[in-house]
Amino acid sequence: MELKTRTMLDRSFTAVGILAIVLMALSLVVLLQPIFVRGAGAFVFRGTIEYRELRLELFGRGDAAKVKAEAALAEEARGPVYEMMEAFEDELGEMEPALRRELRGEYREVKDLIGDLLGPRPGESRPALIRGQFGRTRWDRTQATLHHILYREEYDHSDQSRMGVKILKPRSEIFAGTALEPLFGRLEADIERIMRPRWTVYWRFLFDESYDAHFFGGIWPEMLGTFYLAFGAMLFAVPLGIITAVYLAEYAGESGFVSLLRTCISSLAGVPSIVFGLFGLAFFINTVGVSSGKSVLAGSMTLALLVLPTVIRASEEAVLAVPRTYKEAAMSLGAGKWHTIVSVILPAAMPGILTSIIISLGRAAGETAPIIFTAAVSVGRPIAFWQALGQPSPALPWNIYNLATEHEAVDEIRHVQYGMVLTLVVMVLLLNLTAIIVRARISKKLRG
């Protein structure tokens with residue numbers, strides 16, 4: 001091959017490689033940008049006076065005197081709203097029956113929405129659930145609720161050739177000429193005085209327990225459960241994986257049985273994760289009986305089986321990559337085979353082994369299917385380490401799925417969902433960053 005052609009091919013491959021790296025970086029930015037932006041809303045947001053009252057009542061945080069003074073100002077701004085509602089209720093009883101029937105249903109909807117926005121009126125009994133004891137605690141949800149109060153959504157089906165077109169009808173038109181008509185303009189104009197939003201940094205989102213099915217509070221039980229499951233899986237997978245890798249690389253040799261064993265390990269790496277979850281339920285819980293039901297122990301053992309092929313294959317490759325001269329030099333000095341493996345080969349292979357461990361740890365932390373049947377629950381309190389042997393725990397992967405698909409008020413807690421996703425992504429990124437740093441330091445130390 002001519003030098004000119006070779007140079008052109010080298011430049012072409014270099015350009016393609018750089019383009020691939022740029023495209024991967026752009027894809028990563030596109031993927032992570034909404035997670036970081038919307039996930040930050042769980043930590044930094046505009047909290048209303050309702051939020052500050054709730055924080056004081058549930059967690060005992062904040063200046064009680066200042067909160068009480070702000071609540072009094074907010075209540076003063078809400079007074080005209082309640083007066084208009086009472087005036088309309090009196091007016092409703094004097095209307096003609098047909099008009100009364102028409103407006104009663106509309107007013108009931110408006111009243112419920114105002115109850116969601118402002119919470120119970122002074123003197124009213126407080127509901128049992130915490131979500132009903134306070135109004136909107138976040139400014140974004142305040143604006144969404146206000147929009148539903150001001151406008152009713154209707155659909156125009158006059159054009160049969162396409163789906164109905166959504167139309168926003170102002171509710172002030174529905175109540176035109178009644179005592180309730182001024183309420184809508186008053187709410188829209190005075191909403192900031194009524195709710196008194198203020199920028200809030202809620203870093204305790206990571207360390208508070210959740211209240212009322214994640215309507216309030218943080219994600220500490222989910223974080224703790226994820227740590228238990230991920231590191232518990234490593235306790236089982238790492239020793240077994242490294243021992244197996246050493247056996248395959250240094251002792252097994254070449255035979256039909258070893259070839260079958262390698263094939264089984266490779267096949268195990270391709271098994272869907274949901275199959276591991278069903279196996280964990282059938283074997284660890286129902287057959288072996290490591291616990292009477294779901295538990296962190298059963299989940300950790302299931303996750304260990306899931307990541308075991310990765311640990312074995314990556315560790316074996318790391319052992320095989322150690323120069324053969326290291327082994328020959330050690331044995332020429334009189335070291336036995338096992339002593340050579342422990343004192344020479346494994347330390348030299350440690351960067352690759354650590355990489356496999358951290359990658360497996362990140363995967364174990366993010367898996368959902370294996371823990372559905374073996375370890376995870378939707379709601380729970382933080383459990384101590386010694387309780388993990390026999391009790392289930394919430395975990396970030398399962399709770400993200402559960403909150404996004406099965407929660408009764410999924411739109412109300414979007415910030416919690418994205419906050420959990422952001423936390424899980426950052427955890428995995430930190431684990432991989434740790435692997436890079438540790439590997440670099442060990443490699444530098446080995447090079448002297």
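Hey, what does the equivalent ellipsoid look like for segment 220-447, semi-axes from the Cα gyration tensor as sqrt of 5 times each eigenvalue, largest first, whole Å? Could you put the intermediate results ahead of the total?
Working: eigenvalues 272, 83, 41 Å².
With the √(5λ) rule applied to segment 220-447, the semi-axes are 37, 20, 14 Å.
For a paramagnetic label modelled at 7 Å from the Cα of E192 toward its Cβ, which residues of segment 124-155 fall within the zone defined by backbone nitrogen distances under 15 Å?
139-140, 143
Could you work out the relative contact order of segment 12-166? I mean the mean sequence separation of Cα pairs under 8 Å and 6+ apart, divided by the number of residues, in percent.
22 percent
For S378 and L206, what does the FRET efficiency come to when R0 = 22 Å and r is the distance between their Cβ atoms, rounded to the nearest 0.05? It would help to have the intermediate numbers written out before the result.
Working: r = 19 Å, r/R0 = 0.87.
Step by step, r from the Cβ atoms, then E = 0.70.
Mean 1/r over all different Cα pairs, inverted: what Kirkwood radius does segment 48-198 give, in Å? Provide the component values of the computation, followed by the final result.
Values: mean 1/r = 0.0589 Å⁻¹.
Final number for the Kirkwood radius of segment 48-198 is 17.0 Å.
Taking Cα atoms, how many degrees apart are the long axis of helix 256-269 and the longest axis of the chain, rounded to 10 and kept between 0 and 90?
Tilt of helix 256-269: around 20 degrees.
With contacts defined as alpha carbon pairs under 8 Å and 6 or more residues apart, what's the relative contact order of segment 261-333 in percent?
On the way: 35 pairs, mean separation 21.5, N = 73.
Over segment 261-333, the number comes to 29 percent.
Beyond 22 Å, what share of the Cα-Cα pairs of segment 264-391 is found? Please give it as a whole percent.
Details: 4072 of 8128 pairs.
For segment 264-391, the share of Cα pairs beyond 22 Å comes to 50 percent.
Quick one: grab Rg to one decimal and Dmax as a whole number for segment 184-318, Cα atoms only, in Å.
24.1, 84
Given the pairs K4/K327; K111/K294; K68/K111; K337/K445, which are separated by over 32 angstrom at their Cα positions?
Values: K4/K327 44 Å; K111/K294 44 Å; K68/K111 25 Å; K337/K445 24 Å.
Cα-Cα > 32 Å for K4/K327; K111/K294; rest within.
Only Cα pairs under 8 Å and at least 6 apart count here; give the relative contact order of the chain as a rounded whole percent.
Relative CO of the chain lands at 18 percent.
What angle do you read, to the nearest 10 degrees and between 0 and 90, between the alpha-carbon axis of helix 181-195 and the longest principal axis of the chain?
50 degrees
Please enumerate, by chain and number, the aspartates and glutamates with C-alpha under 15 Å from the C-alpha of K166, excluding those fewer than 8 residues away in the same chain.
Partners within reach: E153, E154, D156.
Ranking request for peptides 212-221, 293-302: highest mean number of other beta-carbon atoms within 10 Å first, then the rest in descending order.
On the way: 212-221: 20.9, 293-302: 25.5.
Result, highest mean first: 293-302, 212-221.
Need one number for segment 298-345: average projected area of the convex hull over its C-alpha atoms, nm².
Working: hull surface 16.0 nm².
The orientation-averaged projected area of the Cα hull of segment 298-345 comes to 4.0 nm².
Could you tell me the center-to-center distance, by alpha carbons, between segment 298-316 and segment 161-238 in angstrom?
What the calculation gives is 38 Å, centre to centre.
If you line up the long axis of helix 414-447 against the longest principal axis of the chain, both from Cα atoms, how many degrees apart are they, to the nearest 10?
20 degrees
Hey, can you rank 386-399, 333-346, 175-188, 11-24 by average C-beta count inside 10 Å, highest first?
On the way: 386-399: 21.8, 333-346: 14.1, 175-188: 16.5, 11-24: 10.0.
Descending mean neighbour count gives 386-399, 175-188, 333-346, 11-24.
Let me have the 222 nm mean residue ellipticity of the chain computed from DSSP H runs of 4+ only, each contributing -39500 (n - 2.57), with the sum over all residues rounded to the nearest 500. Let's see the in-between values first.
Details: 17 runs with 285 residues, N = 448.
Helices in the chain give a 222 nm mean residue ellipticity of -21500 deg cm²/dmol.
Taking the Cα-to-Cβ direction at I437 and at F36 and moving 7 Å from each Cα, how far apart do the two end points lie in nm?
In this crude spin-label approximation the distance works out to 1.8 nm.
Rg over Rh of segment 213-280, using C-alpha atoms and the Kirkwood radius, what does it come to? Don't skip to the answer; put the middle values down first.
Numbers: Rg = 18.1 Å, Rh = 15.2 Å.
A ratio of 1.19.
Which FRET efficiency value, to the nearest 0.05, do you get for L320 and Y251 by plugging their Cβ-Cβ distance into 1/(1 + (r/R0)^6) with R0 = 22 Å? Present the calculation step by step, with values, prior to reporting the outcome.
Values: r = 13 Å, r/R0 = 0.59.
It comes to 0.95.
In square nanometres, what is one fourth of the surface area of the convex hull spanned by the alpha carbons of segment 1-135?
Computing the convex hull of the Cα atoms and averaging its projections yields 17.5 nm².
Bear in mind that the values in this text are calculations on the coordinates, not laboratory data. Since the structure is predicted, the reported quantities are computational estimates derived from the model, not experimental observations. Methodologically, a virtual Cβ is constructed for each residue, glycine included, from the backbone with ideal geometry; neighbour enumeration extends over all protein chains shown.
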